[in-house]
There are 2 protein chains.
Amino acid sequence: MVVLFLSAVDSAADWQAELGRLLPDLELRVWPDLGDPTEIEAALVWRPPPGLLDRLPNLKLILSLGAGVDHILADPSLPPGVPVVRLVDPYMTAAMSEYVQLQVLRLHRQDPAYLEQQRARRWRTLPQPNAAERRVGVLGLGVLGSDAALKLKVLGFDVAGWSRSERKLPGIATFCGADGLEALLRRSEILVCLLPLTPATAGILDARLFGLLPRGAALVNCARGGHLVEADLLAALDGGRLSAAVLDVFRDEPLPPEHPFWAHPRILVTPHVAAATHPPSAAAAVADNLRRLREGRPLLNRVDVSVRY
Amino acid sequence: MVVLFLSAVDSAADWQAELGRLLPDLELRVWPDLGDPTEIEAALVWRPPPGLLDRLPNLKLILSLGAGVDHILADPSLPPGVPVVRLVDPYMTAAMSEYVQLQVLRLHRQDPAYLEQQRARRWRTLPQPNAAERRVGVLGLGVLGSDAALKLKVLGFDVAGWSRSERKLPGIATFCGADGLEALLRRSEILVCLLPLTPATAGILDARLFGLLPRGAALVNCARGGHLVEADLLAALDGGRLSAAVLDVFRDEPLPPEHPFWAHPRILVTPHVAAATHPPSAAAAVADNLRRLREGRPLLNRVDVSVRY
């Protein structure tokens, strides 16, 4: 089987080594060396150039190199009927939850204020509740959001979650739909975004949403840059509606050097590192779906193109 | 019963309110208004001036306003035979473990390096293992150290702990004694100090100890400033032996404005806030020991003056 590999950020050599161990008869053809396009049956991709996948006449499966698929569905000429699968890897899920735990603890313990105090050489104690007295909201209860919500609960936080359709999680108050979203926001002192990026969620982190959070709330966005209206965040921080934000994802990546987020004292920037794709563990999930394709068995983590995740 | 209250950092009014609810017949006499010193039967203190407690002829109990008692035992004229009790409060224990979880996650996820990158507007991904691949060592397995070690384990870290005398903790490799200390240090990529400050542990965080850690290890000190040899830490950071340090406690508090720790790019300073004394919960522990004193029952959390904790 010939699989096209295309990514500007993942290592083709690592993927070749890991997949080669699991599927010795697989040929990983690394973009831009397409060879004979008719031979390509599957494509393992991160941000494929629009139109490329439609030029592969025998393509039977598109596999994302990340948890999200927005970077694939953004292609207006995506070949219809070719299934798209997300990458679900317990190692990456654990990495994302670590990131969320770190950033929520950071905001809970007023780290941005203490970092500012350190810069000013100022010694001052701030009133501090315990985690059980801190209400955290998680937007998105898919694989990543559910795991993060449960692991925030383990830290002792008062956690609630929101998803488009109803979800139940042990020990966590869950909300759904438009009314549920407002209820979730009104109680969330720290809000974590782990939504898929779809036409329904693009720009959801805007002035209207910030206005529903308790005054002084804080934001963690480790989903996609497209969820955030950047000017609204700056206005909310500067107006005191929000106290701080931690951002791992951006509309333009790498974040341009002149972007105001870099130097904002209440914004922490990390360079899309919350849950890096990890070939030694992720290759098993990819190989599993490639075997399923070959054997005609149902694919795992297939995207519902009608809702785009 | 008359109890002397003495602290430059705790609120006498809060303690009066909380203890008054639990022990309506208690009179909290707030230093420096000693009144008739012969009436004082117990003293609830943080950093009492040397010699003061020895001037209270009917003193029967000394209660610390913090988890440690070094600030009391430092008094060379401490009245012999008067029991000293530590403050053990589940709320403060939870706060300390939150702080340790935050700081260990921060060091694990290379936060000091990412903060430096943000200051330089630099977008660069660093190789990142998961928590299960990160070895963390906890020095001190008393109430605070044990809870922190167990809660780091919950985060998925590979945790080990060390104490003077042997301790067992589920799922955690424990070491004791001098040989055990070297074994613990050699495996600890992140080292957390939660030791009591005693003549045996003063200055334990020195060049010799740092030399036993893996190169590039990181340190969290949330015990006492007296554990750390400050010049050795600066040398270890500047020489690359250590990669970063998070410090909540200092030899001089407040940390003086001219101190080099404030501006060091690999030192995070917090102003002794890891586990602030919290009267609404701590008053129960204090009231319990005052009742035990009055009724002649055994005291809880009594210090063994021979080992000074």
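A search for C-beta distances below 6 Å between a residue of the stretch A:239-260 that is more than 14 Å from chain B (Cβ to nearest Cβ) and any residue that is open to solvent by 10 Å² or more (accessible area, probe 1.4 Å) and not aliphatic (A, V, I, L, M), counting only pairs 6+ apart in sequence or on different chains, returns A:Ser243/A:Gly216. If only residues of the stretch A:104-119 that are of a type outside the set (D, E, K, R) and facing chain B (nearest Cβ under 9 Å) are counted, the one that is most open to solvent (accessible area, probe 1.4 Å) is A:Gln110. Residues in the stretch B:191-214 that are part of a strand (DSSP E or B) and either of a type in the set (A, V, I, L, M) or open to solvent by 20 Å² or more (accessible area, probe 1.4 Å) (or both): B:Leu191, B:Val192, B:Leu205.
Just give me the residues in the stretch A:215-225 being out of contact with any Ser or Thr (no Cβ under 6 Å at 6 or more places or on another chain) and open to solvent by 20 Å² or more (accessible area, probe 1.4 Å), in sequence order.
A:Arg215, A:Arg224
The residue list B:Leu290, B:Leu299, B:Leu255 contains one member that is outside any loop (DSSP other than H, G, I, E, B) and either modelled with pLDDT of 95 or more or not assigned by TED's automatic domain parsing to the domain that holds B:Asp70 (or both), which is B:Leu290. Listed by first and then second residue, the pairs linking a residue in the stretch A:203-217 that is closer than 23 Å to A:Phe250 by Cβ to a residue that is surrounded by 14 or more Cβ atoms within 10 Å (Cβ to Cβ) and of a type in the set (D, E, K, R), with Cβ atoms under 6 Å apart and 6 or more places separating them unless they lie on different chains, are A:Asp206/A:Asp232; A:Ala207/A:Asp232; A:Phe210/A:Arg241; A:Ala217/A:Glu189.
Do you know which of the residues in the stretch B:73-103 that are among the aliphatic types (A, V, I, L, M) and without any contact (Cβ under 8 Å) to a residue 40 or more places away in the chain is nearest to the other protein chains (Cβ to nearest Cβ)? The qualifying residue nearest to the other protein chains (Cβ to nearest Cβ) is B:Leu102. Scan the stretch A:72-113 for residues that are assigned to a loop (DSSP other than H, G, I, E, B) and of a type in the set (S, T, N, Q) and report the count. The number of residues fulfilling the criteria is 2.
Only one entry in B:Asp147, B:Asp158, B:Asp179 is touching a residue at least 12 places away in the same chain (Cβ under 8 Å) and farther than 21 Å from B:Tyr309 by Cα, namely B:Asp158.
One residue is enough: does the stretch A:87-96 have a residue meeting the conditions more than 24 Å from A:Gly140 (Cβ to Cβ) and crowded, with 23+ Cβ neighbours inside 10 Å? So far as the stretch A:87-96 goes, no, none of its residues is more than 24 Å from A:Gly140 (Cβ to Cβ) and crowded, with 23+ Cβ neighbours inside 10 Å.
Among the residues of the stretch A:35-86, those identified as within 19 Å of the chain's Cα centre (by Cα) and small (Gly, Ala, Ser) are A:Ser64, A:Gly66, A:Ala67, A:Gly68, A:Ala74. In the stretch A:127-138, of all residues being more than 7 Å from chain B (Cβ to nearest Cβ) and open to solvent by less than 30 Å² (accessible area, probe 1.4 Å), the one that is farthest from the chain's Cα centre (by Cα) corresponds to A:Val136.
Scanning the stretch A:30-55 for residues that are touching a residue at least 40 places away in the same chain (Cβ under 8 Å) and of a type in the set (Gly, Ala, Ser) yields a count of 2. Of all residues in the stretch B:166-190, those satisfying the criterion of being open to solvent by 20 Å² or more (accessible area, probe 1.4 Å), in a loop (DSSP other than H, G, I, E, B) and out of contact with any Cys (no Cβ under 6 Å at 6 or more places or on another chain) are B:Arg167, B:Lys168, B:Pro170, B:Gly171, B:Arg187, B:Glu189.
The values are calculated or read from the model by the stated rules, or taken from the named source; none is laboratory data. Bear in mind the structure is a predicted one, so any value in this text is a computation, not a measurement. In this analysis, Cβ positions are derived from the backbone assuming ideal geometry, glycine residues included, and neighbour counts consider all displayed protein chains. All accessible areas refer to the heavy atoms of the entire protein, side chains included, with ligands and DNA or RNA removed. Shrake-Rupley method; radii C 1.70, N 1.55, O 1.52, S 1.80 Å.
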